[in-house]
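The values are calculated or read from the model by the stated rules, or taken from the named source; none is laboratory data. None of these values were measured; they are calculated from a predicted model. Glycine gets a Cβ as well: all are built from the backbone with ideal geometry, and neighbour counts include every protein chain shown.
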Amino acid sequence: MKLQSIGNDKHHYKHLANHVNSQVNNGAIVANGLSLSREISWFSEVMTLQIQIYFVQGAPLESIYQLPAPDLSVDDSPFAHFVKDNKLGFEERIILILAIIPHVQPQVLDAFFSLNANFDRCYAEFGGKDGKRHRGFLPTAETAMFILTGDDLTKRLAVMALFDEHSSLMHQRVLILEDYTSGEPFLSHSLNVSAESLQMFTTGIDYKPTYSSSFPATLITSPLNWQDLVLAPSVMDEINKISTWITHSNTILDKWGLDKSLKPGYRSLFYGPPGTGKTLSATLIGAKLGLDVYRIDLSSMVSKYIGETEKNLANLFDQAQNKQWILFFDEADALFGARSQGSSANDRNANQQVAYLLQRIEDFPGVVLLATNLRANIDEAFSRRFQSLVYFPMPDANQRLLLWKKTLNNNHETDNDNQLYTLAEKYELAGGAITNVVRYAAISALQTGSDVILYKDLKIGINKELRKEGKTI
Ligand SMILES: Nc1ncnc2c1ncn2[C@@H]1O[C@H](COP(=O)(O)OP(=O)(O)OP(=O)(O)O)[C@@H](O)[C@H]1O
Ligand SMILES: [Mg+2]
């Protein structure tokens, strides 16, 4: 870019930003920008002061702790909320912003490039590593250590605990230590911030991981909403209990002090015939409460990733715990079936994974929903671990009529609604089968040039569905 054209480019960026803003949350970007710039200014002062103290360059203050971190209490940015919610202290904030700076304002770290004239090389004290293309200084854990502790060895030993995998920022996978060369000191790890956290601290968009072998789960959503759900009152009651727990568990556990006797989290098993709304209900609970629901297909998991499974599951549970996701284990029969059969190495391995999974489910402080078609296989030891077992029965005639109406959405012949009533009365179909029939009849209508869905096509579709289920009419 030529210097003269910067003015124009600014215009270009503004234009680009407006374009991007139509997709992202502009408010979050502006708020993050304000919070980050204050945090970076503070960091910069701390860093300069530590260099002055360390090199005895007439530092104006004695200790970096005389420079308090900015007060973010009134900031409404995702960054500020993260800092406040996690009650990050002085050291953690320095480490976090240091990890973020190369992504947002790399020049802030340029002072670390100064050479040690005695040896004509960079100061070992500063840590850091060379980038392949990045021109700025890339911090390592050592860099954070220098800024926070200078040459105070005792302090250094204390601050090292912040890089322990159990420390809050590491455990939540906000900070990442990477690029380790074996045999070198632990603090030579590069210090980075995870992709998802960076996204949250910049654009403010919640990062949604996608399916991979190390993240064997898929975010599920539905275009349907709560009003579309047709359930027997007893089932609806159980679903509402789950929602109430999610919204008010803090009151129950903390305020009422029941956390001594009740485990946190809620585990519920949905069972019943195919297409009765188990997956849909799980999805809608999340949508109603603004929580993401991740579906884990157990049948593929237990068999496919033997050996890796535990690690991947651990990853998934750790992430879910910090995000308040609802975990939805579909085809959960893989769990019940897998136990105790056979004695081959594979079987043993599967049993081990199941035991591990059950333990994680039991200890999970959030909501875990499992779904299966088979109730018979579930033993008592298993059901004891659940707060509720919810049976999703086949819908009765009234519920079927509602399902027909909602699914057709007024696109059927309306001359004689009695026919719809008859279909509902006569054919025992679950919601899933009804959607299949309507899809079939809609296609037929288009093919024959009809602009409404015809009863005769619905009947043919019903026939096909019943045959699929091994029934005839
Ligand atoms: N109770 C219901 N209320 C409204 N729609 C329903 C209901 N049950 C099923 N449906 C419709 O059928 C579709 C399939 O249902 P869903 O996937 O929830 O069934 P399921 O019980 O999870 O079945 P499976 O046991 O085969 O996994 C839904 O997306 C919805 O369109
Ligand atoms: Mg399902």
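Structural remarks
- Every residue from the stretch 233-270 that is touching a residue at least 24 places away in the same chain (Cβ under 8 Å) and outside any strand (DSSP E or B): Val235, Glu238, Ile239, Lys241, Ile242, Ser243, Trp245, Ile246, Thr247, Lys263, Pro264, Gly265
- Counting the residues of the stretch 319-333 that are modelled with pLDDT of 80 or more and part of a helix (DSSP H, G or I) gives 1.
- Residue that is surrounded by the most Cβ atoms within 10 Å (Cβ to Cβ) [pool: residues in the stretch 44-82 that are outside any loop (DSSP other than H, G, I, E, B) and without any contact (Cβ under 8 Å) to a residue 40 or more places away in the chain]: Leu49
- Members of the stretch 139-155 found to be assigned to a loop (DSSP other than H, G, I, E, B) and surrounded by fewer than 22 Cβ atoms within 10 Å (Cβ to Cβ), listed by number: Gly150, Asp151, Asp152
- Taking residues in the stretch 190-216 that are among the aromatic types (Phe, Trp, Tyr), and partners anywhere that are modelled with pLDDT under 85, the pairs with Cβ atoms closer than 6 Å and at least 6 places apart or on different chains are Tyr207/Glu196; Phe215/Pro209.
- The selection criterion, being under 17 Å from Leu191 (Cβ atoms) and modelled with pLDDT under 95, holds for Phe112.
- Flag for Val235 being touching a Pro at 6+ places or on another chain (Cβ under 7 Å), surrounded by 17 or more Cβ atoms within 10 Å (Cβ to Cβ), of a type in the set (Val, Ile, Thr) and over 28 Å from Phe82 (Cα atoms): no
- The one condition in (1) closer than 30 Å to Ile326 by Cα; (2) within 12 Å of ligand 1 (Cβ to nearest atom) that Val438 fails to fulfil: (1)
- Close Cβ contacts (under 9 Å, 6 or more residues apart or on different chains) running from residues in the stretch 411-422 that are of a type outside the set (Lys, Arg) and surrounded by 12 or more Cβ atoms within 10 Å (Cβ to Cβ) to residues that are at pLDDT 85 or above and in a loop (DSSP other than H, G, I, E, B) comprise Asn411/Asp451; Asn411/Val452; His412/Val452; His412/Leu454; Glu413/Ser450; Glu413/Val452; Glu413/Leu454.
- Failed item, numbered, when Ile462 is tested on (1) more than 16 Å from ligand 2 (Cβ to nearest atom); (2) at pLDDT 90 or above; (3) closer than 21 Å to Pro223 by Cβ: (3)
- For the stretch 275-300, the tally of residues that are more than 18 Å from Thr372 (Cα to Cα) and within 12 Å of ligand 1 (Cβ to nearest atom) stands at 0.
- Looking only at the stretch 336-370, and only at residues there that are among the aliphatic types (A, V, I, L, M) and modelled with pLDDT under 70, the one that is surrounded by the fewest Cβ atoms within 10 Å (Cβ to Cβ): Ala345
- Residue count for the stretch 83-93, restricted to those that are crowded, with 18+ Cβ neighbours inside 10 Å and either at pLDDT 95 or above or part of a loop (DSSP other than H, G, I, E, B) (or both): 4
- Among the residues of the stretch 201-250, those identified as of a type outside the set (Ser, Thr, Tyr), modelled with pLDDT under 90 and under 29 Å from Asp179 (Cα atoms) are Gly204, Ile205, Asp206, Lys208, Pro209, Phe215, Pro216, Ala217.
- Residue count, the stretch 268-288 (criterion: in contact with an Asp or Glu (Cβ under 8 Å, 6 or more places away or on another chain) and away from ligand 2 (no atom under 13 Å from the Cβ)): 2
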